[in-house]
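J.: Quick one: the structure is below, and I'll ask about it shortly.
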Amino acid sequence: MKTILITGASRGIGAATAILAAERGYRVCINYHHNQTAAEQVAGTIRAKGGTAFLLQGDVSSEADVCRMFREVDSIGPLHALVNNVGILEKQTRVENIDAERLSRVLRSNVISCFICAREAIRRMSVKHGGAGGAIVNVSSIAARTGSPGEYVDYAASKGAMDAFTTGLSKEVADEGIRVNGVRPGFIYTDIHASGGEPGRVDRIRDTIPMKRGGQPEEVAEAILWLLSDGSSFSTGTFIDITGGR
Ligand code: NAP
């Protein structure tokens, strides 16, 4: 049985990915930050269907927490797959109102965390380090392309950094048995929009989306699981946009 670590898997896209990964036969490590109840619900759903799930509390913006979490994964089994899913955004505002503290929080959670998690995964999965190979999927955003003006250019910039990271890392480890790809969701019904101060954001924007609807977390999870699977065995450094055509 393959072991997968999904960061931020207690809610939203991460939770949907955890449930689908278990259905596809993975042993699932569910990372969460504060919401233990939500994480336990995801694990309960997986176990009720006969799957295997473990909870991993930890703040991915903390290098010490990430290192501890990966040691916990080691005690579960060899790591085969990592989904860098955590992403935060803060209240909608313009660039002239963004201070260095906010930038630091966003970049630590959205970018630095991915580097540190990927580093730990590569040390375990790379054939260069004696591993058996594996796959990494980074959950970026269509914001990397649109820039999110008037809302959160800092968040969009962090996703642009994540895409460059995906491109560079994919080439670095391509001949070490590790594939690295990204997904770029558009407007998906999750709690993240409430963090930006507008819980109804997807419905406000819905009519501007060519398919005239927002997406569901499960639709993103399908793309993530394909990029992790042998079905995408010759794809690395690539991106799937899940945006309803926007
Ligand atoms: P969400 O519903 O807000 O869920 C966030 C998840 O991340 C929760 O499980 C939360 O854990 C966890 N988390 C947050 N900070 C963390 C930290 N420092 N350490 C560990 N876990 C942390 O988010 P989502 O909408 O599913 O977004 C998932 C990813 O998709 C993000 O990278 C986001 O940028 C991207 N994305 C989302 C959309 C969208 O429309 N929803 C669009 C494009 C891209 P707790 O439950 O413990 O708080």
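The values are calculated or read from the model by the stated rules, or taken from the named source; none is laboratory data. Small disclaimer: the values here were computed from a predicted structure and weren't measured. Using ideal geometry, Cβ is built from the backbone for each residue, glycine included, and neighbour counts are taken over all protein chains shown. The protein model used for the area step is the full one, side chains on, heavy atoms only, and it has no ligands, DNA or RNA in it. Shrake-Rupley method; radii C 1.70, N 1.55, O 1.52, S 1.80 Å.
J.: How do the pairs read when you match residues in the range 21-36 that are among the polar types (S, T, N, Q) with residues anywhere that are open to solvent by 10 Å² or more (accessible area, probe 1.4 Å), using Cβ under 6 Å and keeping only pairs 6 or more apart or on different chains?
T.: Going by the 6 Å Cβ cut-off, the qualifying pairs are N35/S10.
J.: Please enumerate the residues belonging to the range 76-128 that are under 16 Å from the mean Cα position of the chain (by Cα), within 16 Å of K159 (Cβ to Cβ) and not hydrophobic (A, V, I, L, M, F, W, C).
T.: N84, N85, G87, R108, S109, N110, S113
J.: Return only the number of the condition from (1) assigned to a loop (DSSP other than H, G, I, E, B); (2) buried (at least 16 other Cβ atoms within 10 Å of the Cβ); (3) aliphatic (A, V, I, L, M) that M211 does not satisfy.
T.: It is condition (2) that M211 fails.
J.: Cβ contacts < 7 Å: first residue open to solvent by 20 Å² or more (accessible area, probe 1.4 Å), restricted to the range 37-63; second residue among the basic types (K, R) and more than 9 Å from the ligand (Cβ to nearest atom), any location; separation 6+ or different chain. Result?
T.: Hits for this filter: T52/R27.
J.: Something else now. Counting just the residues of the range 100-127 that are away from the ligand (no atom under 15 Å from the Cβ) and within 20 Å of V73 (Cα to Cα), which one comes out most open to solvent (accessible area, probe 1.4 Å)? Let's see the steps before the verdict.
T.: So in the range 100-127, the residues away from the ligand (no atom under 15 Å from the Cβ) come out as 100-101, 103, 119, 121-127.
Now narrow it down to the ones that are within 20 Å of V73 (Cα to Cα): 119, 121-127.
Working: R119: 64, A121: 0, I122: 27, R123: 133, R124: 63, M125: 1, S126: 0, V127: 78 Å².
For the range 100-127, the residue satisfying everything is R123.
J.: Could I ask something else about it? Here are A38, A22: which of them is within 15 Å of the ligand (Cβ to nearest atom) and out of contact with any Asp or Glu (no Cβ under 7 Å at 6 or more places or on another chain)? Let's see the steps before the verdict.
T.: Values: A22 fails: within 15 Å of the ligand (Cβ to nearest atom).
Residue meeting the stated conditions: A38.
J.: Further question: For the range 128-174, which residues satisfy the criterion of being open to solvent by 60 Å² or more (accessible area, probe 1.4 Å) and touching an Asp or Glu at 6+ places or on another chain (Cβ under 6 Å)?
T.: K128
J.: List the number of the failed condition for A22; all other conditions in (1) farther than 27 Å from S104 by Cα; (2) out of contact with any strand residue (DSSP E or B) (no Cβ under 6 Å at 6 or more places or on another chain) hold.
T.: It is condition (2) that A22 fails.
J.: With the requirement that a residue be at pLDDT 95 or above, open to solvent by 40 Å² or more (accessible area, probe 1.4 Å) and either part of a helix (DSSP H, G or I) or among the small types (G, A, S) (or both), what does the range 178-196 give you?
T.: I192, A194
J.: Could you please give the count of residues in the range 1-16 that are assigned to a loop (DSSP other than H, G, I, E, B) and either near the ligand (Cβ under 7 Å from one of its atoms) or under 10 Å from the mean Cα position of the chain (by Cα) (or both)?
T.: First, pick out the residues of the range 1-16 that are assigned to a loop (DSSP other than H, G, I, E, B): 1-2, 7-11.
Applying the additional criterion that residues be either near the ligand (Cβ under 7 Å from one of its atoms) or under 10 Å from the mean Cα position of the chain (by Cα) (or both) yields 7-11.
The total comes to 5.
J.: Do we find that E219 is open to solvent by 60 Å² or more (accessible area, probe 1.4 Å) and either farther than 28 Å from A22 by Cα or without any contact (Cβ under 8 Å) to a residue 60 or more places away in the chain (or both) in this structure?
T.: Numbers: open to solvent by 60 Å² or more (accessible area, probe 1.4 Å): yes; either farther than 28 Å from A22 by Cα or without any contact (Cβ under 8 Å) to a residue 60 or more places away in the chain (or both): yes.
The answer is yes for E219.
J.: Now a separate question. In the list R71, R27, which residue meets the criterion of being away from the ligand (no atom under 15 Å from the Cβ), within 17 Å of E120 (Cα to Cα) and at pLDDT 95 or above? Don't jump to the end; show me each part of the working.
T.: Working: R27 fails: within 17 Å of E120 (Cα to Cα).
From the options R71, R27, the qualifying one is R71.
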